[in-house]
Each structure stands twice: as C-alpha cells, then as structure tokens.
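Report on the structure given below.
The values are calculated or read from the model by the stated rules, or taken from the named source; none is laboratory data. Keep in mind it's a predicted model, so treat the numbers as computed, not measured. As a convention, Cβ positions derive from the backbone with ideal geometry for all residues, glycine included, and neighbour counts pool all protein chains shown. These area figures cover heavy atoms from the full protein model, side chains too; ligands, DNA and RNA do not enter into them. Shrake-Rupley method; radii C 1.70, N 1.55, O 1.52, S 1.80 Å.
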Amino acid sequence: MPEELLARAVGVLVTIVEAVGAAVIFVGAVWTAGRFVVAGIRYRSAAVFTPIRLSLGRFLTLGLEFQLAADILRTAVSPSFGQLGRLAAIATIRTALNYFLGREIRQEQRQLGTPAEPPPGRHGPGAGTPAPGGGGEAAGARNRR
C-alpha cells in the first residue's frame, strides 16, 4: 500500500514537472518570437537577432532540464532494467543537447562580449540582456546602422 501511494505521488510529480518543462519551452518560444518580430520590424541588422537566439537557448536549456528531472522521477520508484535503459538513453540525449546548446550560447556571448551569467539582481526571461532602449541590443543596433 505505501509503495502504491508513493508511485501515485511520484506520478503526479512527474506530470507537474513535465508540464513546467513544456511551459518553459512554450513561453520561451513565444517570448522569443515576439522579440524576433519586433527586432525585425525596428532594425535592419542581423546582429540584433543573436541576443534573441541566446534568450531562446536559455529557455530551451531550462525546459530540457525540467524534462530530464521528470524522467529521473519517473524511474525513482522501483525501476525496471528497461526503464533504467530508457532513462540512460534519454539522459544521454538531453545532456548532449544541453551541452552543445550551452557551448553555442557561451560562444555567442563571447562574440557579443556579454557576461556568461546574468548580473546580480536580474532574474527571469532576458536576464543578462538589457531591455531595448536601455543601452543594450537596441542601442547597439542603432550604432551599427
């Protein structure tokens, strides 16, 4: 009975964590699409799109981490060898995706000369990327015209 209750509780947690991961990816895609459209209308330089890509990369990385957490939770209660093998394959694929995505983000940040981590006190979408008009990407785009 206690194991069955634990399995149900973990099942609910898995659903919640998967939903959060999917929501993070969805919000990131919508946020990035909006920024892409606004930047495409305002500026004619392709350079303004790099910070937007970096923002999407951060959302994707975070969403994939939630999805991996859900997979780990799924196998936490009496896993079978099949479940462990599936988790290993999923973890390997998602870790590789995160690694290469993170590497691309760091490379793009070096090219832009932006810090790898957001400054203290700034959190959330676009953290570390100044808002348009605030001397960040918008000012840079204006200077490149």
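In the context of the full set of protein chains, residues of segment 1-93 present 60 Å² of accessible surface per residue (probe radius 1.4 Å, heavy atoms only). At a 1.4 Å probe radius, carbon and sulfur cover how many percent of the accessible area of segment 42-98? Result for segment 42-98: 70 percent of the exposed heavy-atom area is carbon or sulfur.
The modelled label-to-label distance between VAL10 and ALA46, using points 7 Å beyond Cα along the C-beta direction, is 4.9 nm.
When you count the other C-beta atoms within 10 angstrom of each residue and take the mean per peptide, 25-37, 63-75, 85-97 line up highest first as 63-75, 25-37, 85-97.
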